[in-house]
Amino acid sequence: MPRSQGDRYVCEKCGAKIVYEVACPCPGDMPHVEICCGQQMKKA
């Protein structure tokens with residue numbers, strides 16, 4: 001699933017956050033991962 005501008009992800013272990021400032025141009029069927037502390041970050 002592509003990432004949209006403003007999408008936010010947070011690490012449940014350390015609290016680090018990622019915010020997409022620009023929409024991801026990848027096709028919808030391409031997998032995406034946001035890894036922190038060895039695990040997938042959760043959409044906030």
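The values are calculated or read from the model by the stated rules, or taken from the named source; none is laboratory data. Since this is a predicted model, take the numbers as computed values, not measurements. Here the Cβ is made from the backbone with ideal geometry for all residues, glycine too, and neighbour counts use every protein chain on show. Heavy atoms of the whole protein, side chains included, go into the accessibility calculation; ligands, DNA and RNA do not. Shrake-Rupley method; radii C 1.70, N 1.55, O 1.52, S 1.80 Å.
Of all residues in the stretch 4-20, exactly one satisfies the criterion of being open to solvent by less than 40 Å² (accessible area, probe 1.4 Å), over 11 Å from HIS32 (Cβ atoms) and part of a strand (DSSP E or B), namely VAL10. Restricting the first member to the stretch 1-30 and to residues that are within 12 Å of LYS43 (Cα to Cα), and the second to residues that are of a type in the set (Asp, Glu), the beta-carbon pairs closer than 6 Å and six or more apart or on different chains are TYR9/GLU34; ILE18/GLU34; TYR20/ASP7. Checked against the criterion of being surrounded by fewer than 11 Cβ atoms within 10 Å (Cβ to Cβ) and charged (D, E, K, R), the stretch 30-42 contains not a single residue that satisfies it.
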